[in-house]
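A short worksheet on the structure shown next.
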Amino acid sequence: MKSYGRQSISEADVAAVVATLKSDFLTQGPKVAEFEAALCKQTKASHAVAVNSATSALHVACLALGIQEGSLGWTVSNTFVASANALRMCGADVDFVDIDATTGNLCITALKAKLAAAKAQNILPDVVIPVHFAGQSCDMAAIRALSDTYGFAIIEDASHALGGHYQGEPVGSCRYSDISVVSFHPVKMITTAEGGAALTQNESLAKAMRAFASHGINREGPEGETPAPWQYYQHTLGYNYRMPDVLAALGTSQISRLDDWVARRNTLAKRYDTAFKESLITPLAVAEECISSYHIYVVRLPAAKRLACFEQLKSRGIGVQVHYIPVHSQPYYQARGKWQLPNTQAYYESCLTLPLYPELTEAEQDEIIAILQEVIASL
Ligand SMILES: *Cc1c(COP(=O)(O)O)cnc(C)c1O
């Protein structure tokens, strides 16, 4: 079975992990700082906090921004549950903004309208979490302009988009946001098995996130106190979200190949786009100002054909997937509110993710294209 995405592991990756396993530090050694420096170099963020998952990164990002019980966060429903759950983990309420069905990304028009309505009712959000769906950045300049008007913080959920570009800048630079979060799960752009990072240009946010990811502890005591050499201070309630050195070594080795992988994914995506021209198969649109990382390759099909397509492709060894079941339709969120998100729903009923990863060959891709076209024609 070809899955919709998969990791690439080289001998150099294996050697980096083995060398760290044989070193003095399996965790809390020098490898995490090396990986964080590589992430800063890649994204142009000035601070990177590597943690054990993007979910943890989203959680400490929300905590550092002061999100708590009584806070309100907005995100999209076309995402993995973690984008919304991080808000709930802080005790905040969650609301969902509709998407643009042609890109799968947060719809700026819907956001504008929702903000105007929320202002009238005095229930503006404290934070908005746009998700860079499939690897394409949201329109961050527009979101930032709205944040300047309405006063909300911005966390980019860039779990899909490491290696992508927006207005010529790498995703993760935080040019228009407070914090960006990336994921290193094996299906994502680079992997540390499990892992994630929070990126920022803001030193005090970086410090706060680092503390929340490590028990709320650091070495900074009260003014004027001379600490003993063994002293540490717990200032707040934190978690153990640290990334081990063994996995950070894998991340540093992986990130050296990221740009090549993004180029390869773009080449394969163009081949899909070309093959699907003038057919019932519609690829997601990518804006002029974006270079997608192409974490996933999504098409839209006539909704009536989607289920049969999914089943027939699976039965022929092609591991298609659906991204995403709308978060607001999950039982947990259904118990918390009612939402009308027509574009999200229409998108969900028609979307299908096709296999795309750096090691997919042209011959394999041609076979996937041929089978999909044959299945669509037969329905
Ligand atoms: C994968 C993903 C996450 C969670 O990442 P983990 O590293 O698995 O915790 C969060 N948001 C989005 C959009 C994702 O795709």
- Mean separation of Cα contacts under 8 Å (at least 6 apart) over the residue count of the chain, i.e. the relative contact order in percent, is 24 percent
- Give Lys119/Lys207; Lys41/Lys188; Lys2/Lys305; Lys114/Lys338; Lys112/Lys188; Lys112/Lys305 a once-over and call out the pairs whose C-alpha atoms are over 27 Å from each other. Lys119/Lys207; Lys112/Lys188; Lys112/Lys305
- Prolate/oblate/rounded label for region 203-288 (Cα gyration tensor, a/c 1.5): prolate
- Item | Folded to 0 to 90 degrees: helix 303-315 orientation relative to the chain principal axis, Cα | 80 degrees
- Task: Could you state the angle between the C-alpha long axis of helix 203-212 and the longest principal axis of the C-alpha atoms of the chain, as a value from 0 to 90 degrees rounded to the nearest 10?
- Result: 90 degrees
- Task: Provide Rg and Dmax in Å for the chain, with only Cα atoms included in the calculation.
- Result: 21.3, 77
- Task: Quick one: check the C-alpha center-to-center distance for region 343-376 versus region 155-211, whole angstrom.
- Result: 27 Å
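Considering Cα pairs under 8 angstrom that are at least six residues apart, work out the relative contact order of region 39-143 and quote it in whole percent. Mind dumping the intermediate values first?
Numbers: 136 pairs, mean separation 26.3, N = 105.
Once divided by the residue count of region 39-143, the mean separation gives 25 percent.
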- Amide H within-cut-off set for Val97, under 5 Å, with H built and near neighbours excluded: Thr75, Val76, Ser77
- At q = 0.18 Å⁻¹, work out log10 I(q)/I(0) for region 251-379 with the Debye formula, treating every Cα as an identical point scatterer and leaving solvent out; two decimals please. -1.05
- In nm², what is the average projected area of the convex hull enclosing the Cα atoms of region 1-140? 11.7 nm²
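Every number here is computed from the coordinates shown, using simple stated rules; none is lab data. Here the structure is a predicted model, which is why all the values come from computation and not from measurement.
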